[in-house]
Amino acid sequence: MIRNFASRVTQTTPRFALLSAAILAAPAACTVDSQDPQDLESGDTASAVTTDPTSRIKVGDFNGDGRSDILYTNGSEWLVSFGATSPLTHSAFSAALASDMVIGDFNGDRRSDVLVGTGSEWMVSLGANTNWQHFAFSSTRAADLLAGDYNGDGKTDVLAGTGSEWMVSLGANTNWQHFAFSATTSAVLQAADFNGDRKADVFATTGSEWRVSLGANTNWQHFANSATMVDQLKLGDFNGDGRADVFYASGSAWFISYGGNTDWVMVATTTAR
Ligand SMILES: [Ca+2]
Ligand SMILES: [Ca+2]
Ligand SMILES: [Ca+2]
Ligand SMILES: [Ca+2]
């Protein structure tokens, strides 16, 4: 039984400041631009991505080196920054935006794939650079899915929160099965493996702290003190140590908290363009 917690809190200005100075001290001068995201193209530096970190960015390991990469969608093309530190390079031409997709390794080849829901079926682009192929019939949209490997078999599964329970489709192509009781819907959750047991854990924010449900079926436990909300953060393993890290894009830079409970590190800065 997973205890319910405060419903989503929205903030117009993302707050980078963290309540506990001992954990995740806030970098100086971190502001978020309110303009529309820039349309970047191949060759632009990774750090040229500014504003709105949630709508155009997804995290996955697209080259299979064990470190998470950033996938940037500009409405016509997908671009990848390997390790969140290299310049953006072309991956595929597609109008699909990050907000319409979930990322996972659905065929188990260690490279991340893109899954979208059309309203009647789930389609997958293997490696984020191949044509869409049918994966399963489902009316559930990608925005309502939480990708993660919940049974630890190396293939990504999807979790959906109904408002009363969490259901999982193993491999994203099997029938829904009950996983835990929780009123928290998938839209305000993210998933990644924080304790390194190769099973996805569920991550949530309250406005004052970050919480984790290990294995997506245990009670919430405190992870770090931070006012930064889930919709401003991305999860991935950027240093390849097997444990999830937390990614944050500000108006001028990308930051990572390795392990999700260490100080923010600036990994890329904006260049003029
Ligand atoms: Ca794959
Ligand atoms: Ca799995
Ligand atoms: Ca885990
Ligand atoms: Ca890591």
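The values are calculated or read from the model by the stated rules, or taken from the named source; none is laboratory data. Remember, predicted model here, so these are calculated numbers, not experimental data. All Cβ positions, glycine included, derive from the backbone under ideal geometry; neighbour counts span all protein chains shown.
Applying the set (1) at pLDDT 95 or above; (2) within 20 Å of D237 (Cβ to Cβ); (3) within 17 Å of the chain's Cα centre (by Cα) to V116 leaves exactly one unmet item: (2). Taking each residue of the stretch 81-94 that is β-branched (V, I, T) and looking for partners that are crowded, with 17+ Cβ neighbours inside 10 Å with beta-carbon atoms closer than 8 Å, six or more apart or interchain, yields T85/A46; T85/V267; T85/A268; T89/L79; T89/V80; T89/S81; T89/F82. Of all residues in the stretch 154-171, those satisfying the criterion of being within 17 Å of the chain's Cα centre (by Cα) and either within 16 Å of ligand 3 (Cβ to nearest atom) or hydroxyl-bearing (S, T, Y) (or both) are K155, T156, D157, L159.
For the stretch 255-270, the candidate set comprises residues that are hydroxyl-bearing (S, T, Y) and over 14 Å from Q232 (Cβ atoms); within that set, the residue that is nearest to ligand 2 (Cβ to nearest atom) is Y258.
Where strands (runs of 3 or more DSSP E) sit wholly within the stretch 172-273, those with at least 1 residues that are within 16 Å of ligand 3 (Cβ to nearest atom) and not charged (D, E, K, R) occupy 177-181, 190-192, 201-205, 209-213, 221-225, 233-236, 245-249. Residues in the stretch 226-241 that are within 16 Å of V212 (Cα to Cα) and more than 16 Å from ligand 1 (Cβ to nearest atom): S226, A227, T228, M229, V230, D231, L233, K234, L235.
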